[in-house]
Amino acid sequence: MGEESREAPRVLIVGAGFAAFHCARRLERVLAPGEAQVTLASPVDYMLYSPLLPHVAAGILGPADIAVPLRAPCTAPFAPRAGSSEST
């Protein structure tokens, strides 16, 4: 029998909170390049590190200091695609 060409599985991560960020980073470590297509669905392209919000309110840190970009921490072959959770 001939070999079937299989499409890589698709993984959808909904949200951009701690769990979603951890899931994306974990998949980056355990999946080989091209093993799966990973998509993050979130209305924003960053994760807000909320434990530091009181520091922002007190003026110790700026808002940009607690926003972690979702694309930057992921390395090249993984590169999750950012999607929007808003429907048109």
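Filtered by the rule that a residue be under 17 Å from Arg71 (Cβ atoms) and either β-branched (Val, Ile, Thr) or surrounded by 13 or more Cβ atoms within 10 Å (Cβ to Cβ) (or both), segment 32-42 gives Gln37, Val38, Thr39, Leu40, Ala41, Ser42. For Gly59, the conditions (1) surrounded by 10 or more Cβ atoms within 10 Å (Cβ to Cβ); (2) at pLDDT 90 or above; (3) of a type in the set (Gly, Ala, Ser); (4) part of a loop (DSSP other than H, G, I, E, B) are fulfilled apart from (1).
Scanning segment 1-31 for residues that are surrounded by 11 or more Cβ atoms within 10 Å (Cβ to Cβ), small (Gly, Ala, Ser) and more than 30 Å from Gly62 (Cα to Cα) turns up just one, Ala8. The residues in segment 36-52 that are in contact (Cβ under 8 Å) with a residue 24 or more places away in the chain, in contact with a helix residue (DSSP H, G or I) (Cβ under 9 Å, 6 or more places away or on another chain) and assigned to a loop (DSSP other than H, G, I, E, B) can be counted, and the count is 2. For segment 20-31, filtering for residues that are in a helix (DSSP H, G or I), in contact with a strand residue (DSSP E or B) (Cβ under 9 Å, 6 or more places away or on another chain) and of a type outside the set (D, E, K, R) leaves 5. Taking segment 1-31, which residues are over 27 Å from Ala67 (Cα atoms) and either modelled with pLDDT under 90 or hydrophobic (A, V, I, L, M, F, W, C) (or both)? Met1, Gly2, Glu3, Glu4, Ser5, Arg6, Glu7, Ala8, listed by residue number.
The values are calculated or read from the model by the stated rules, or taken from the named source; none is laboratory data. All values derive from a computational prediction rather than experimental measurement. Virtual Cβ from ideal backbone geometry, glycine too; neighbours counted across all protein chains shown.
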